[in-house]
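The values are calculated or read from the model by the stated rules, or taken from the named source; none is laboratory data. Computed from a prediction, not measured in an experiment: that's the story for all the values here. Counting neighbours? That spans all protein chains shown, and the Cβs are built from the backbone with ideal geometry, glycine included. Ligands, DNA and RNA are excluded from the accessible area calculation, which covers all protein heavy atoms including side chains. Shrake-Rupley method; radii C 1.70, N 1.55, O 1.52, S 1.80 Å.
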Amino acid sequence: MKLPALFFLIQLFLSIGAPLPAMELEARVIALAGHWEREMALLTQYHGLASFCESADHREGVYGLLDEIHNYHGLLYQELLETTHHHSARTIRRILKHLVKLEEDYSIESFNAFFGERCKAQTELEAMARQYKSGFGMHSYDGKIHVLEIEMHRYLKTLTKRISKVKKHVSQFYARRRVWEY
């Protein structure tokens with residue numbers, strides 16, 4: 001557990017430039033979560049996986065989006081550590097817990113490993129498509145596509161849920177912050 005947290009902090013310090021205003025950080029985290037939700041809807045389908053596996057531009061777009069999400073979450077993590085005396089410690093602990101869990105379980109490396117396996121399975125499926133089309137049930141071409149879609153949907157649903165939890169807590173945190181500061 002300490003190794004991913006250490007990696008998270010190293011990545012955070014390498015990615016931090018000038019600090020962002022709080023409202024800009026909030027808006028960016030919420031906007032990135034919305035972009036991710038739209039991208040997730042495409043990736044859960046087989047043709048989205050095929051596009052991801054075959055198109056370097058699509059892959060770079062997804063990895064860029066995930067990298068940006070992780071960077072802004074790192075900035076949020078930094079801000080929450082610095083401003084703990086101004087806000088509810090319970091709310092801050094909850095947000096920090098979600099950020100660390102997201103970084104530990106759904107880093108870009110784990111995403112890459114998961115989709116690397118799915119791209120390999122997709123390539124093998126397409127190579128054997130003619131043989132699988134004569135199969136029945138889950139041994140058929142459509143059955144194997146369905147299994148891939150279910151695996152992708154489960155992984156991406158959990159990842160999206162974690163990103164959405166951070167989004168929800170951030171919007172509530174900054175709404176409360178505006179009230180506390182005035």
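Figures for the structure shown
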quantity	calculated
Residue count, segment 128-165 (criterion: part of a helix (DSSP H, G or I), out of contact with any Lys or Arg (no Cβ under 8 Å at 6 or more places or on another chain), among the aliphatic types (A, V, I, L, M) and modelled with pLDDT under 85)	1
Single match in 51, 15, 88 (criterion: of a type in the set (S, T, N, Q) and modelled with pLDDT of 90 or more)	51
Residues being open to solvent by 20 Å² or more (accessible area, probe 1.4 Å), under 16 Å from residue 162 (Cβ atoms) and β-branched (Val, Ile, Thr) - total across segment 76-128	2
Residues satisfying the stated conditions in segment 36-75, i.e. aliphatic (A, V, I, L, M), over 15 Å from residue 156 (Cβ atoms) and either loosely packed, with under 15 Cβ neighbours inside 10 Å or free of Cβ contacts under 8 Å to residues at least 12 places away in the same chain (or both)	56
Every residue from segment 79-93 that is touching a helix residue (DSSP H, G or I) at 6+ places or on another chain (Cβ under 6 Å) and of a type outside the set (Ser, Thr, Tyr)	80, 92
